[in-house]
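Data first, discussion second: the structure below is written as structure tokens.
Rule-based calculations on the coordinates, nothing more; no lab input. Values in this document were obtained by computation on a predicted structure and should not be read as measured data. Every residue, glycine as well, gets a Cβ built from its backbone with ideal geometry; the counts of neighbours run over all protein chains shown.
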Amino acid sequence: MAKKKWTAKRIFVMIVAFIVMAGILFGGEVLAKRLLQENPLQQWADAAPEIEEFVLTTEGEKLVLTLQLNETEDLRKALGPFIREIRERKNRNIAEIIIETPRSEGLKDVYYELSFVLEEARISGNYQELYAKLQELEARHEGDFKVFIGEEFIFVQLAKGEDLYYQAVSRFFPVNAGEERKVVF
């Protein structure tokens with residue numbers, strides 16, 4: 001048998017081939033991890049007809065979910081499973097939900113009125129006054145107004161004719177740097 005000579009050209013080709021193969025192996029692993037982390041959430045969103053589009057961002061320690069939604073009968077049922085899926089996949093709680101659509105300027109004033117009682121209910125845990133205010137606003141504005149209490153969020157769903165307004169409010173107090181919030185009953 002003839003021995004092959006190790007020339008500089010042959011060594012260079014082998015080194016390049018090794019680098020390309022290592023890049024494909026490790027790059028493929030990183031790409032697969034990224035696709036497997038993001039893709040299931042997109043599949044969840046695609047399976048939910050209420051969710052038109054979503055963006056999950058990190059602001060410091062906070063996980064923020066921004067949504068564009070279609071009309072829904074029950075905002076809690078539409079978003080609850082999706083929020084749990086995000087929490088399981090990311091191993092973090094969502095600090096804030098921003099619902100961009102649908103938004104009606106006319107119902108924004110109704111939400112403003114409701115927000116004061118909503119904040120009191122959130123702090124005290126007594127939702128009877130919130131329910132009474134919701135019924136009053138519903139009768140006065142001749143709309144279909146609902147508030148759903150979820151595990152982590154209170155979902156406000158206001159509808160009047162074609163106008164819609166959705167809002168998700170955290171049930172828990174925001175964390176203030178260095179401050180401890182005390183509630184006296």
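At S170 and L41, where each label point lies 7 Å from the Cα along Cα→Cβ, what is the point-to-point distance in nanometres?
Between S170 and L41, the label points sit 1.7 nm apart.
Go ahead and run the numbers for FRET between R89 and T7, Cβ-Cβ distance against an R0 of 45 Å, rounding to 0.05.
Efficiency computed from Cβ-Cβ geometry: 0.30.
Cross-link list K62/K160; K62/K133; K77/K160: which exceed 23 angstrom alpha carbon to alpha carbon?
Checking Cα-Cα distances, K62/K160; K62/K133 exceed 23 Å.
Can you give the Kirkwood hydrodynamic radius for region 49-170, in Å, rounded to one decimal and based on Cα pairs?
14.9
With a cut-off of at most 12 other beta carbons within 10 Å, and DSSP calling the residue loop, which GluC sites (Glu not before Pro) in region 132-163 qualify? Please list them.
Filter output for region 132-163: E142, E151, E162.
Round to the nearest 0.05 the FRET efficiency obtained for E136 and F26 when R0 = 45 Å and r is the Cβ-Cβ distance.
0.10
What percent does the relative contact order of region 68-176 come to when contacts are Cα pairs within less than 8 Å and at least six residues apart?
That works out to 30 percent.
Just subtract the alpha-carbon distance of E113 and A17 from 0.36 nm times their residue separation and send over the number in nm, one decimal.
27.8 nm
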